[in-house]
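Okay, so here's the structure we're looking at.
Derivation of every value follows stated rules applied to the coordinates shown; laboratory data play no part. Everything numeric here is computed off the predicted structure, so don't read it as measured data. With ideal geometry, Cβ positions are generated from the backbone for all residues, glycine too; neighbour counts draw on all protein chains shown.
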Amino acid sequence: MARSIKKGPFVDLHLIKKVDAARATNDKRPIKTWSRRSTVLPDFVGLTIAIHNGRQHIPVFVTENMVGHKLGEFSHTRTFKGHSGDKKAAAGRK
C-alpha cells in the first residue's frame, strides 16, 4: 500500500542531515546509511549513498530516474546463483 500524498515522502531525519551536510561542504564521499525504507528525494541527485544490504554497504550513485523510489530497491539483499534447471540442461548438452 502506498503512502498518503498528504503525509509526503518518508525520509529518516539522520539521512537528511547527512545529505544536507554533504551538499553544504560539496563532499563527494559516499553517505553510509542503513535506512532502506527512506524515499529518494531530488536533493539526493548527484550524491553517492552506500546502502546496507544486511551484510555490506553497496555504493549507489543517485540519478534523476531514482527519485520517488525507496533506497532499498537499489541494494539487493539476496544473491542469485542461477536456477537449478540450468545446470542440468547444460550438462545434458555436452
Quick one: which residues, 5 or more positions from Ala50 or on another chain, have an amide H under 5 Å from its amide H? H modelled 1.01 Å from N in the peptide plane, none for Pro or chain starts. Ile31, Lys32, Thr33, Val60
Shape of the range 1-82, Cα gyration tensor, a/c cut at 1.5: oblate
Choose one answer from Ser38, Ser84, Ser75: the residue with the largest mean-square fluctuation in a GNM of the chain with alpha-carbon springs under 10 Å. Ser84
Taking chymotrypsin sites (Phe, Trp or Tyr not before Pro) as candidate sites, keep only those in a DSSP loop with at most 13 other Cβ atoms within 10 Å, then name the longest stretch of the chain containing none of them. 11-79
Cβ under 14 Å from Ile51's Cβ, Ile51 left aside: what net charge do those residues give with Lys, Arg +1 and Asp, Glu -1? +4
At 0.36 nm per residue, minus the direct Cα-Cα distance, what do Arg78 and Phe61 gain on full extension? Give it in nm, one decimal, please. 4.1 nm
Calculated from backbone phi, Karplus (6.51, -1.76, 1.60) coupling profile of the range 23-29 in Hz, x at Gly/Pro: 5, 5, 9, 6, 7, 9, 5
How far, in nm, would the chain grow between Asp20 and Ser4 when pulled straight, counting 0.36 nm per residue and subtracting the alpha carbon separation? 3.3 nm
